[in-house]
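Okay, so here's the structure we're looking at.
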Amino acid sequence: MSFLLGEYDCKLDAKGRLMIPSDLKKQLPGVEGEGLVILRGFEKQLTIYTKKEWENTVNDLSKLNQYDKKSRDFVRFFTRGAMGLSLDSAGRVLLPKALLDYAGIGNEVIIACQLNKIELWAPAAYDELMNSAPEDFAAMAEQVMGSAGRRNDE
């Protein structure tokens, strides 16, 4: 899978349906037939995976030690509320009300692509997160990416 790109300001209809932006849908080949998986994110946002990416994630989860309480708890909390989403004939997905409530999403939502997944945010929460960027982003990049190796694309 190629990585997803884009950030979109969207509105939900009165029934809680989200129209997948056409530019994003182009990046999700086969989504009409396969559908998506949505679940709670680590912060107060929702995370959407393609079915293939979800299968990869579940495969990783299945390798955890089921006899270890921390592993069992992680799987429980991570998968809590996970549901399949299907696109209707108009290219919309019905977002579960319980998950919308968890993320504080009303009728407006920010879609933020994050490599192999999509995050859905309440606009105020997303703005707060993005406005709290670290003072020294370069230092953060060095800490996080410094050991990832140097790219030679100069």
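In terms of the Cα gyration tensor, with a ≥ b ≥ c the square roots of its eigenvalues, is the chain rounded because a/c is under 1.5, prolate because a/b exceeds b/c, or oblate?
Details: a/c = 1.43, a/b = 1.19, b/c = 1.20.
Taking the square roots of the gyration eigenvalues as a ≥ b ≥ c, the chain is rounded.
Mind listing the phi-derived Karplus ³J(HN,Hα) values for the range 22-30, rounded to whole Hz, using 6.51, -1.76 and 1.60 with θ = phi - 60°, and x for any glycine or proline?
Coupling constants for the range 22-30: 4, 4, 6, 4, 5, 7, 10, x, x Hz.
Longest span of the chain, sites excluded, free of chymotrypsin sites (Phe, Trp or Tyr not before Pro) in DSSP loop with at most 12 other C-beta atoms within 10 Å? Could the numbers behind the result be given before it?
Details: sites that count: F3, F42, Y67.
By the stated rule (loop sites, at most 12 other Cβ atoms within 10 Å), 68-154.
Counting DSSP beta bridges with both partners in the chain, what percentage is antiparallel, nearest 5? Please report the intermediate quantities before stating the final value.
Working: 26 of 26 bridges.
Of the beta bridges lying entirely in the chain, close to 100 percent run antiparallel.
Could you work out which residue, out of A90, A133, A141, moves most in a Gaussian network model of the chain, that is, has the largest mean-square fluctuation with Cα springs under 10 Å?
A141
Among the lysines, which have Cα under 22 Å from the Cα of K15 when same-chain residues fewer than 8 positions away are ignored?
Within the straight-line cut-off, K15 pairs with K25, K44, K97.
Using modelled backbone amide H atoms (1.01 Å from N, in-plane), which distant-in-sequence or interchain residues come within less than 5 Å of K117's amide H?
For K117, the qualifying residues are L4.
Take the Cβ-Cβ distance between R76 and A125 as r, set R0 to 30 Å, and report the resulting FRET efficiency rounded to the nearest 0.05. Don't skip to the answer; put the middle values down first.
On the way: r = 24 Å, r/R0 = 0.80.
Between R76 and A125 the formula returns 0.80.
With a cap of 10 neighbouring Cβ atoms within 10 Å, and only residues DSSP puts in a loop, list the GluC sites (Glu not before Pro) found in the range 1-88. Walk me through the numbers on the way to the answer.
Working: sites: E7, E32, E34, E43, E53, E55; in loops: E43.
Answer in residue order: no site qualifies.
Please label the shape of the range 39-125 as rounded, prolate or oblate, based on the square roots a ≥ b ≥ c of the eigenvalues of the alpha-carbon gyration tensor (a/c under 1.5 means rounded; beyond that, a/b larger than b/c means prolate, else oblate).
Taking the square roots of the gyration eigenvalues as a ≥ b ≥ c, the range 39-125 is prolate.
What base-10 log of the normalised intensity I(q)/I(0) is obtained for the range 106-151 from the Debye formula, alpha carbons as equal point scatterers, at q = 0.27, 0.28 Å⁻¹?
Here log10 of I(q) over I(0) equals -0.97, -0.99.
When the helix-only estimate is applied to the chain (DSSP H runs of n ≥ 4, each -39,500 (n - 2.57), divided by the residue count), what is the mean residue ellipticity at 222 nm, nearest 500 deg cm²/dmol?
Working: 7 runs with 57 residues, N = 154.
Only helices count here, giving -10000 deg cm²/dmol.
I'd like the carbon and sulfur percentage of the solvent accessible area for the chain, probe radius 1.4 Å, heavy atoms only, ligands and nucleic acids excluded. Walk me through the numbers on the way to the answer.
Values: 5450 of 10300 Å².
The C+S portion of the solvent-accessible surface of the chain is 53 percent.
Whole number in Å², please: accessible area per residue of the chain, 1.4 Å probe, ligands, DNA and RNA not counted.
That works out to 67 Å² for each residue.
Under a GNM of the chain (C-alpha, springs under 10 Å), which listed residue has the highest mean-square fluctuation: D101, D127, D136?
In this elastic network of the chain, the residue with the biggest mean-square fluctuation among D101, D127, D136 is D136.
Cα centroids of the range 64-139 and the range 23-49: how far apart, whole angstrom?
Computed from Cα coordinates, the inter-centre distance equals 10 Å.
What ³J(HN,Hα) values, in whole Hz, does the Karplus curve 6.51 cos²θ - 1.76 cosθ + 1.60 give for the range 33-38 when θ = phi - 60°, with x put for Gly and Pro?
Along the range 33-38, the couplings run x, 8, x, 9, 10, 10 Hz.
The values are calculated or read from the model by the stated rules, or taken from the named source; none is laboratory data. Here the structure is a predicted model, which is why all the values come from computation and not from measurement. Reconstructed Cβ throughout: ideal geometry from the backbone, glycine too, with neighbour counts over all protein chains shown. Quick note on the areas: whole protein, heavy atoms, side chains included, nothing else; ligands and nucleic acids left out. Shrake-Rupley method; radii C 1.70, N 1.55, O 1.52, S 1.80 Å.
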